[in-house]
Amino acid sequence: MTGTRADYGLLRWVMHEIAADPGLQLQVTVTGAHLSPEFGLTWRNIVEDGFTIDAKVEMLLGSDTPVGITKSLGLAVAGFADALAALRPDLLLVLGDRYEILAAVSAATMARIPVAHLHGGEVTEGAFDDAMRHAITKMSHLHFVAAEDYRRRVLQLGEAPEHVHNVGGLGIDNIQRLKLLERAELEHSLDFKLGPRNLLVTFHPVTLEPGASASQMAELLAALDALPDTHLLFTMPNADTESRQLGIMLQDYAASRLHTAKVWTSLGQLRYLSCLRYVDGVVGNSSSGLIEAPSFHVGTVNIGERQQGRLKAASVIDCAPTRQGIAHALCELFSEKFRASLSQIRNPYGEGGAATRIAAILSACDPGSLLKKKFYDLPATCLKVQP
């Protein structure tokens, strides 16, 4: 199942590998922002990529308040109960940490359908997604993680080692498999001219800091506004609490800078990764700045605490969510010393091939044997007693 443009971008090649395997049958369920005009009706991109959508689960309400999001979560659980009853899958494959995923996995638990979880074991201390990710891990039976540090964390949560596989980051597969656009093709597709310097900017709501998202966005825009000869490519925030105000702020900002700034509801994976190929840096608090950008040897200004706890390449510059902190980080991003160091960057999320490895493990597994899982206790030698 997929709920956003971001998780579909990572799932796409796994879906291709499953569809190509004679021992597997792919079913696709979409929900969340995919079905929302506000977020670009991105379910259409899935169809354009050649997939059949087997079920659509409507869940989003016209509210980004905590109450509205919680009610959306409830609607999603009810919708997935129906979808899973109709499709009767042998296994539910999910990725990430969002509330749509939590809803689908909760319904699968009640339906006694085993769950395979991708990108578990990670930490994002600045978002409530962190708690949901670990809850999803505990309701899952098969785990595909992006790094050895994350595998150890899933084991720490009590999951059996034989069911926890380090396959690397899925974002690297996109970079390797997609034929990216040349600069002129990209500009034509975007209807936007790249400038002397260019930044790709994505800022999501800070879900553990109520009321802080708009003020932090204002600080970011003020810091960006001070940059000379810089064109700004913005993507809209996720469908989270307080996201709508951020979207309005971006639209207003871009409207006053028609030739140097533009906002896209969804760039899609091809255009997004093609942008990474040509921009001078990634700015904001999106995981793509940590997972995909290092493979392009592009620097990232990572703002605030949303991604705190994730593995980071040396190309990531952390900063406070203030205009002074962001301005200082941008100065470092454009410095000759920092830019010279980027050619030596190695991505901690691996070298690709995750989708092929995941499909092979799925093809070989017996889903029926996964349901009766036990809590795995770490060996005593792994435990540290605090004084």
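Every number in this text was worked out from the coordinates using simple rules, so none of it is lab data. Just so it is clear, the structure is predicted and the values come from calculations on it, not from any experiment. No Cβ is skipped: glycine too gets one built from the backbone with ideal geometry, and neighbour counts run over all protein chains shown.
Details
- For the peptides 285-293, 332-340, the ranking by packing is 285-293, 332-340, with the highest mean count of neighbouring Cβ atoms within 10 Å listed first.
- 222 nm mean residue ellipticity, helices alone, for the chain (DSSP H n ≥ 4; -39,500 (n - 2.57); rounded to 500): -12500 deg cm²/dmol
- Residue separation of D21 and S343 scaled by 0.36 nm, minus their Cα-Cα distance, works out to 112.2 nm of gained length.
- If you take the Cα centroid of the range 230-299 and the Cα centroid of the range 150-172, the two points sit 30 Å apart.
- Leading residue at positive end of dipole, the chain (Cβ point charges), from T70, N166, L199: N166
- Cα centre as origin, Lys/Arg/Asp/Glu Cβ charges: the range 48-119 dipole, Debye: 300
- Each of Y272, Y376 has some number of other Cβ atoms within 10 Å of its Cβ, and from fewest to most they run Y376, Y272.
- Ordering of 81-89, 346-354, 18-26 by packing is 346-354, 81-89, 18-26, highest average first (other Cβ atoms within 10 Å, averaged per residue).
- For T230, neighbours were defined as the other residues whose beta-carbon sits under 14 Å from its Cβ, and their charges (Lys and Arg +1, Asp and Glu -1) total +1.
- Gyration tensor (alpha-carbon) shape descriptor, the range 182-344, a/c threshold 1.5: rounded
- 5 angstrom amide H check on A160, placed H, neighbours 5+ away: Y376
- GluC sites (Glu not before Pro) restricted to the range 150-206 and DSSP loop, no more than 13 other C-beta within 10 Å: E182
- Computed from Cα atoms, the angle from the helix 5-20 axis to the main principal axis of the chain rounds to 50 degrees.
- Proximal aspartates and glutamates to K138, defined as alpha-carbon separation beneath 14 angstrom and excluding residues fewer than eight positions away on the same chain: D97, E122, D130, E159, D377
- Options I326, H117, A6, ranked by Cα towards positive dipole end of the chain, top entry (Cβ charges): H117
- Mean separation of Cα contacts under 8 Å, 6 or more apart, over the residue count of the chain: relative contact order %: 17
- Entry note, the range 195-309: relative contact order of 31 percent, from Cα contacts under 8 Å with a spacing of 6+ residues.
- Neighbourhood charge, 11 Å Cβ-Cβ cut-off, centred on L24 and excluding it, Lys, Arg +1 and Asp, Glu -1: -3
- Among beta bridges that DSSP assigns inside the chain, antiparallel share in %, nearest 5: 0
- Placing R0 at 30 angstrom, the Cβ-Cβ distance between M139 and S363 gives a FRET efficiency of 0.85 after rounding to 0.05.
- Among the listed pairs K193/K337; K312/K337; K193/K262, those beyond 22 Å (Cα-Cα): K193/K337
- Positive minus negative residues near D64 (Lys, Arg vs Asp, Glu; Cβ under 9 Å): -1
- Model label sites at E48 and A226, defined 7 Å from Cα along the beta-carbon direction, differ in position by 3.8 nm.
- Only the Cβ atoms of Lys and Arg (+1) and of Asp and Glu (-1) were treated as charged; on that basis the dipole of the chain about its Cα centre amounts to roughly 400 debye.
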